[in-house]
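Enquirer: What follows is a structure written as structure tokens; I'll ask about it next.
The values are calculated or read from the model by the stated rules, or taken from the named source; none is laboratory data. Please read these numbers as outputs of a predicted model, since none were measured by experiment. No Cβ is skipped: glycine too gets one built from the backbone with ideal geometry, and neighbour counts run over all protein chains shown. Just so you know, the surface numbers come from the protein's heavy atoms only, side chains and all, with ligands and any DNA or RNA stripped out. Shrake-Rupley method; radii C 1.70, N 1.55, O 1.52, S 1.80 Å.
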Amino acid sequence: MDDTRPYVALDSDGTVLDTMGPKQHRFLQPMLVEALGLGPVREAYLACADFVNLHSAYRGISRFHAVYLALTLLNRHPARAKAGLPPLNLAPLKAFVASGRPLSDPSLADWLATHPSPLLATLLRWGRAVNAAILAANPTFALFPNVRDTLAGLHPRFRAGIVSQSPERVLRQDWGAHGLLAHIDDVAGQEVGPKPTQIATLTRHLPPERVLMVGDAFGDLQSARAHGCRFFPILPGREAESWATLRDEVLPAFHAGAYAPAREAALVAAFTHALPQTPPWETGGDSQP
């Protein structure tokens, strides 16, 4: 294996596979509305959850953190007061999110042992039910346009690997369903650790400037910065265009050592502009709940 080839580290959900919207709309959001009895403000909650998970700077954050932010926005949403519903007491969820613990189902179960809370108990049941529903449905998620031919063209100029907070078995299942694993050298799931650790593990024989992280969320950008490698953003809502730019412009430039910092900065600026911190129905106030 030629370990001196530059390396392309690829996020999965929302970058290669169109998973984020379908998972939100089919599983996470409707099941939370039911679990918390949010029927009277269903549309408002769906708007808050869509903003946090798909259209904002918070895109890609962990499940329970996203629920906290979406419910915080719902507490401020005019539809909640109009429906006559009192604000939700989110203090227990805020404490868990701020605890520094992994924001996972097992971690929440451990937290509940010493921090009992009806809200958190409901969210734990919801999280487990969502996982079971997705597993039972075994959905096949679509690829974004221009992904397949871009990945097919990586070898032999590049090595490539998946970096994701999904379990490795899920990644192999999702990518394998489209026959994409033939274009990938490595698969790093949540078992390896956070994304900076994954990148460092997969590219340990390369200097950071020979590594390009491709992702669709600020967490991916932050992971690239933490490792000191280069970054290319897949813009939400403009995925086909982004993949064409990666294929036709950025990958050839990166391979030649000519992916200019100014060009990267311009792409990151467009990425930042596409993911605001304040939802469109708010014109002021605290934009970071």
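Enquirer: Of everything in segment 13-65, what is within 22 Å of Arg125 (Cβ to Cβ), at pLDDT below 95 and among the aliphatic types (A, V, I, L, M)? Give them in sequence order.
Expert: Once the filter is applied, which keeps residues that are within 22 Å of Arg125 (Cβ to Cβ), at pLDDT below 95 and among the aliphatic types (A, V, I, L, M), segment 13-65 yields only Ile61.
Enquirer: Consider only pairs whose beta carbons are under 7 Å apart and that are at least six residues apart or on different chains; among these, list those whose first residue lies in segment 109-135 and is farther than 14 Å from Leu32 by Cα and of a type in the set (Ser, Thr, Tyr) and whose second residue is open to solvent by less than 30 Å² (accessible area, probe 1.4 Å) and assigned to a helix (DSSP H, G or I).
Expert: Cβ pairs passing all conditions: none.
Enquirer: What single numbered condition from (1) surrounded by 19 or more Cβ atoms within 10 Å (Cβ to Cβ); (2) of a type in the set (A, V, I, L, M, F, W, C); (3) part of a helix (DSSP H, G or I) fails to hold for Ala226?
Expert: So Ala226 meets the others, but not (1).
Enquirer: Can you confirm whether Arg125 is open to solvent by 20 Å² or more (accessible area, probe 1.4 Å) and part of a loop (DSSP other than H, G, I, E, B)? Steps first, please.
Expert: Working: open to solvent by 20 Å² or more (accessible area, probe 1.4 Å): yes; part of a loop (DSSP other than H, G, I, E, B): no.
Considered against the rule, which asks whether it is open to solvent by 20 Å² or more (accessible area, probe 1.4 Å) and part of a loop (DSSP other than H, G, I, E, B), Arg125 comes out as no.
Enquirer: I'm trying to understand the selection: among the residues of segment 77-94, which are within 30 Å of Ala109 (Cβ to Cβ) and in a helix (DSSP H, G or I)?
Expert: Those that are within 30 Å of Ala109 (Cβ to Cβ) and in a helix (DSSP H, G or I): Arg80, Ala91, Pro92, Leu93, Lys94.
Enquirer: Going by the conditions given, is Val214 touching a strand residue (DSSP E or B) at 6+ places or on another chain (Cβ under 7 Å) and assigned to a helix (DSSP H, G or I)?
Expert: In short, no.
Enquirer: Restricting the search to segment 48-73, which residues are at negative phi and open to solvent by 40 Å² or more (accessible area, probe 1.4 Å)? Spell out the reasoning first.
Expert: Residues of segment 48-73 at negative phi: 48-59, 61-73.
Listed by number, the residues that qualify are His55, Ile61, Ser62, Arg63, His65.
Enquirer: Within segment 29-57, how many residues are assigned to a helix (DSSP H, G or I) and without any contact (Cβ under 8 Å) to a residue 40 or more places away in the chain?
Expert: Quick first cut of segment 29-57, residues assigned to a helix (DSSP H, G or I) only: 29-36, 39-55.
If we keep only those that are without any contact (Cβ under 8 Å) to a residue 40 or more places away in the chain too, we end up with 29-30, 33-34, 39, 42-46, 49-50, 52-53.
Number satisfying all stated conditions: 14.
Enquirer: A further question follows. Picking from Thr245, Thr197, which residue would you name as being open to solvent by 30 Å² or more (accessible area, probe 1.4 Å), within 20 Å of Arg157 (Cβ to Cβ) and either touching a strand residue (DSSP E or B) at 6+ places or on another chain (Cβ under 7 Å) or without any contact (Cβ under 8 Å) to a residue 24 or more places away in the chain (or both)?
Expert: So the residue among Thr245, Thr197 that is open to solvent by 30 Å² or more (accessible area, probe 1.4 Å), within 20 Å of Arg157 (Cβ to Cβ) and either touching a strand residue (DSSP E or B) at 6+ places or on another chain (Cβ under 7 Å) or without any contact (Cβ under 8 Å) to a residue 24 or more places away in the chain (or both) is Thr245.
Enquirer: Check segment 74-84 and report whether any residue there is open to solvent by less than 30 Å² (accessible area, probe 1.4 Å) and under 22 Å from Asp174 (Cβ atoms).
Expert: Scanning segment 74-84 turns up no residue that is open to solvent by less than 30 Å² (accessible area, probe 1.4 Å) and under 22 Å from Asp174 (Cβ atoms).
Enquirer: Still on this structure, please answer the following. Can you tell me which condition Gly14 does not meet? The list is (1) open to solvent by 10 Å² or more (accessible area, probe 1.4 Å); (2) in contact (Cβ under 8 Å) with a residue 60 or more places away in the chain; (3) within 26 Å of Leu221 (Cβ to Cβ); (4) not aliphatic (A, V, I, L, M), and all the others hold.
Expert: (1)
Enquirer: I would also like to ask the following. In segment 131-166, which residue that is under 22 Å from Ala9 (Cβ atoms) and assigned to a helix (DSSP H, G or I) is nearest to the chain's Cα centre (by Cα)?
Expert: For segment 131-166, the residue satisfying everything is Val147.
Enquirer: What's the number of the condition Glu239 fails, among (1) charged (D, E, K, R); (2) over 26 Å from Thr4 (Cβ atoms); (3) out of contact with any Phe, Trp or Tyr (no Cβ under 8 Å at 6 or more places or on another chain)?
Expert: If we test Glu239 against (1) charged (D, E, K, R); (2) over 26 Å from Thr4 (Cβ atoms); (3) out of contact with any Phe, Trp or Tyr (no Cβ under 8 Å at 6 or more places or on another chain), just (3) comes out false.
Enquirer: Name the pairs: first residue in segment 65-87 and over 22 Å from Asn53 (Cβ atoms), second residue open to solvent by less than 30 Å² (accessible area, probe 1.4 Å) and hydrophobic (A, V, I, L, M, F, W, C), Cβ to Cβ under 6 Å, at least 6 apart or on different chains?
Expert: Sorted first by the residue in segment 65-87, then by its partner, the pairs are Ala83/Val41.
Enquirer: Determine if segment 13-28 includes at least one residue that is in a loop (DSSP other than H, G, I, E, B) and out of contact with any strand residue (DSSP E or B) (no Cβ under 9 Å at 6 or more places or on another chain).
Expert: No: segment 13-28 contains no residue that is in a loop (DSSP other than H, G, I, E, B) and out of contact with any strand residue (DSSP E or B) (no Cβ under 9 Å at 6 or more places or on another chain).
Enquirer: Residues in segment 132-154: is at least one at positive phi and at pLDDT 95 or above?
Expert: Yes, segment 132-154 has at least one match.
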